1. Residues 115, 91, 74, 163: which one is over 19 Å from the mean Cα position of the chain (by Cα) and crowded, with 17+ Cβ neighbours inside 10 Å?
2. Being modelled with pLDDT under 95, surrounded by fewer than 19 Cβ atoms within 10 Å (Cβ to Cβ) and part of a helix (DSSP H, G or I) is true for just one of 191, 157, 179. Which residue is that?
3. So which residues in the stretch 104-125 are modelled with pLDDT under 95 and touching a Phe, Trp or Tyr at 6+ places or on another chain (Cβ under 6 Å)?
4. Determine whether the stretch 204-226 contains at least one residue that is of a type in the set (S, T, N, Q) and open to solvent by less than 40 Å² (accessible area, probe 1.4 Å).
5. What is the residue count in the stretch 8-53 for residues that are open to solvent by 30 Å² or more (accessible area, probe 1.4 Å), aliphatic (A, V, I, L, M) and modelled with pLDDT under 90?
6. Would you pick out the residues in the stretch 75-89 that are of a type in the set (D, E, K, R) and either in contact (Cβ under 8 Å) with a residue 12 or more places away in the chain or outside any helix (DSSP H, G or I) (or both)?
7. Is it fair to say residue 148 is of a type in the set (S, T, N, Q), over 26 Å from residue 17 (Cβ atoms) and touching a Leu at 6+ places or on another chain (Cβ under 7 Å)?
Amino acid sequence: MATQIHLVTHELRRRIGAGIYAPGTRLVELQVSADLGVSRTPIRLAFEELSKEGLLERLPTRGFRVRSFNAHDLADAIDVRGVLEGMAARLVAERTLTAVDREILQSCVDQGQALLSQASENNFVLDSQAWTAMNARFHATMIAAAGNEVLGNAIREIGQMPLVGAQALSLHGIAPQREYTFLQRAQLDHEDVLSAILAGEGARAESLMREHARRSRDNKRILLAAALSLGK
């Protein structure tokens, strides 16, 4: 079931990115179930996941609606997220990182290395579900470790916009080798940010995190363009 939910979520994400389900489109379980040829249970769970990513919004009545967004708004929002997360990284570097948070951040880096290694032996096909969970955990741990509740709330708020949050890393599976290259760079960013934090280099950690967000912005623009071309 978990694999089917992941596949359904991926396909819905792809269709939204490609404009097959256009902004404002109302999606209901029964119709989408028929479209994809699966039962309603994975559809329901996929809707919930995509609503967390900001791609869908729950309607007052039954069903969900595809949220409106465009590449320009996405880029602006990720730029703002980069500034906020850069501040979080600086604050963490200037504080004493707890042993628990250090262990979590290091485990995320180790897991990222392992996932990329597996993908390199599997035609660049990444376990995107595991990567997304790891990436979200890395960012969430860093933000919480900053110890600034207002900052954390601001990051979570902007992360509700479509494809902006760390839990909405990319349109998985559209261009595997290209995505693999993007995530190799993201992995190096995580390693460098953690290194700067552990060294107490606040300014460097902030700069690295902002650059990390900038790359995410540019990569998502490219992947959106790829999704749109597939949808034509």
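The values are calculated or read from the model by the stated rules, or taken from the named source; none is laboratory data. Because the structure is a prediction, the values reported are computed rather than measured. Counting neighbours? That spans all protein chains shown, and the Cβs are built from the backbone with ideal geometry, glycine included. Accessible surface is based on the protein model in full, side chains and every heavy atom, while ligands, DNA and RNA are left aside. Shrake-Rupley method; radii C 1.70, N 1.55, O 1.52, S 1.80 Å.
1. 91
2. 157
3. 119, 124
4. The first filter runs over the stretch 204-226 and keeps only residues of a type in the set (S, T, N, Q), leaving 207, 216, 219.
Still in the running and open to solvent by less than 40 Å² (accessible area, probe 1.4 Å): 216, 219.
Yes, the stretch 204-226 has at least one match.
5. Selection size over the stretch 8-53: 3.
6. 79, 81, 85
7. Yes; evaluated as a whole, the condition is true for this residue.
A quick yes/no check of all residues on (1) touching a residue at least 60 places away in the same chain (Cβ under 8 Å); (2) part of a helix (DSSP H, G or I); (3) basic (Lys, Arg):
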position	(1), (2), (3)
3	no, yes, no
9	no, yes, no
19	yes, no, no
22	no, no, no
31	no, yes, no
35	no, yes, no
41	no, yes, no
45	no, yes, no
51	no, yes, no
